[in-house]
1. Please get the size of the charge dipole for region 62-185, origin at its Cα centre, with Cβ charges of +1 on Lys and Arg and -1 on Asp and Glu, quoted in debye to the nearest 20.
2. Rg(Cα) of region 35-189 divided by 2.2 N^0.38 Å?
3. What does the extension gain come out to for Thr77 and Lys93, with contour length at 0.36 nm per residue minus their alpha carbon separation?
4. Under 16 Å Cα to Cα from Lys86, which aspartates and glutamates show up? Leave out anything in the same chain fewer than 8 places away.
5. Could you name the lysines in cross-link range of Lys35, using Cα to Cα under 18 Å and dropping any fewer than eight places away on the same chain?
6. Give the order of Val85, Val39, Val175 when sorted by the count of other beta carbons within 10 angstrom, beginning with the fewest.
7. For Tyr174, Tyr57, Tyr152, Tyr131, which order do you get if you count the other beta carbons within 10 Å of each Cβ and list the fewest first?
Amino acid sequence: MNANFINNFFLTSSVVLYSVAFSFNTYAKDTSYLKGSEVGPRGKISKIGLENNLELYKFDEADSCVDNSTQIRTLITNLSKSGIVKVELFGKKNFMKKSGKLRRIRVPADSERVSLCINVPAPGEYALVSYHDKDGNRKLKKAWNLKPKEPYGVSNNPVIESLRLPRWAEASFYVPQEGIEVVINLVKP
């Protein structure tokens, strides 16, 4: 009787685990994007996304450039004409961490240089991080050592020769009330 109980227990447990695993696969959310679709996994594709056949949404768009406003007028260089350019704005707290991101912008990489504007909440110290998502899949390709395999850069264009992230002091800059212009020269890995 004891062996029968153990066999039934393991048989029942196996069926339950298989059912749970099967249901996760069956109901898993599809996060892939079919190029040309008007709707992606995160909602409706923006007009710019549709025009460029890229997964871009309204919340990805850059701000309008306005002279003498508290914003960062950014020029990203060293691009090829494909995919997406992603730019993230950080304050000092949690710099380079997901929780520290103040704003994220994605725009088409439709030329070798892309200009965009980012409004900031107030004058102060900020830093920008950018990369060129060449295949437009919204993910940065990384090598085994976590170093980017796609062009990347940060504000002030510091030279970082070791396997480390840029420091706040290397990437930060002051944004005055009338705004500032920043150039990020992407580094090709």
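No lab work stands behind these numbers, since they all come straight from the coordinates. Owing to the predicted nature of the structure, the values given are computational and were not obtained by experimental measurement. Don't worry about glycine lacking a Cβ; one is built from the backbone with ideal geometry, like all the others, and counts go over all protein chains shown.
1. Rounded to the nearest 20 debye, it is 800 debye.
2. Here the Cα radius of gyration is 1.02 times the empirical estimate.
3. My answer for the length gained is 3.1 nm.
4. Glu55, Asp60, Glu61, Asp63, Asp110, Glu112, Asp133, Asp135, Glu150
5. Straight-line reach from Lys35, under 18 Å: Lys44, Lys47, Lys58, Lys81, Lys134, Lys139.
6. In order of increasing Cβ crowding within 10 Å: Val39, Val175, Val85.
7. Lowest count first: Tyr174, Tyr57, Tyr152, Tyr131.
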